[in-house]
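All remarks here apply to the structure that follows.
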Amino acid sequence: TVRLDHGVAEFDLPHRVRAVLEAPATMTLMDERTVQLSRGRGFFEVASPEGHGFTVETPHQRIIDLGTAFGVDLPAGSEQTRLHVFSGSVRIEDLGAEGSGEVIRAPLSVAIRGAQVVKQIDQTADHFRRQLPDRVETLFVEDFESGLLAEKEYAVHMDSTAIRDLDGNQYAGIPA
């Protein structure tokens, strides 16, 4: 589980899936093809056929990649999820029902409740970070190949003074 209170983090997941998570957000890697996004905003790009079927589970639905790049936004306190399909397509399913659901094709942005599209929304209204800037230093790298103990919890805490903006000034955070 990754809990991001401030900033942006980029993850290279199995099968050439890339995720960019914007704080405040919580994401859990359930298995090599599934993440659970409990809160926040995430951009997901599936760059190979091996990654097709990659799934983002939210508290309200399951979003399954059919070869695409898409963004998921879970506004605080809302039962609706904003889904932005930038390329390709995804299938949305209710959490209790596998194998059925509506297919959303790019370019389309929708508000969804469960597996139902509530309304189409303006794709330009929400901006998703699709990658980190080139000049960002990597502060933490871990491939978890050596294994972590399942019964323990791990956390990475970084002092806010360790983070600097692109000009070298103490980073003030991302404006709301």
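The values are calculated or read from the model by the stated rules, or taken from the named source; none is laboratory data. Quantities reported herein were computed from a predicted structural model and do not represent experimental measurements. When we count neighbours, we look across all protein chains shown, and the Cβ atoms used for this are built from the backbone with ideal geometry, even at glycine. Side chains are part of the model used for accessible areas, which takes the heavy atoms of the whole protein and leaves out ligands, DNA and RNA. Shrake-Rupley method; radii C 1.70, N 1.55, O 1.52, S 1.80 Å.
First check a/c for region 1-131, with a ≥ b ≥ c the square roots of the eigenvalues of its C-alpha gyration tensor; if it is under 1.5, answer rounded, and if not, answer prolate when a/b is larger than b/c or oblate otherwise.
rounded
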- Message: Can you tally the net charge around H60? Count Lys and Arg as +1, Asp and Glu as -1, for every other residue whose Cβ sits under 13 Å from the Cβ of H60.
- Response: -1
- Task: Considering only protein heavy atoms, with the full assembly of protein chains and a 1.4 angstrom probe, order L108, L95, L29 by accessible area, largest first.
- Result: L29, L95, L108
- Near the amide H of F128, under 5 Å away, which other amide H atoms are found, from residues 5 or more places off or on another chain, if H is placed in the peptide plane? none
- Note the full-extension length gain between Q120 and D5 as 0.36 nm times their separation in residues minus their Cα-Cα distance, in nm to one decimal. 38.5 nm
- Give the shape of region 57-105 as rounded, prolate or oblate, defined through the alpha-carbon gyration tensor: a ≥ b ≥ c are the square roots of its eigenvalues, a/c under 1.5 means rounded, and otherwise the shape is prolate if a/b is larger than b/c and oblate if not. oblate
- Note on the structure: Heavy-atom accessible area of region 72-122 with neighbours in place, 1.4 angstrom probe: carbon+sulfur share in percent works out to 42 percent
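Given charges of +1 on the Cβ of Lys and Arg and -1 on the Cβ of Asp and Glu, with all other atoms neutral, how large is the dipole of region 1-61 about its Cα centre, in debye to the nearest 20? Let's see the in-between values first.
Details: 6 positive and 9 negative charges, 28 e Å.
Result for region 1-61 is approximately 140 debye, rounded to the nearest 20.
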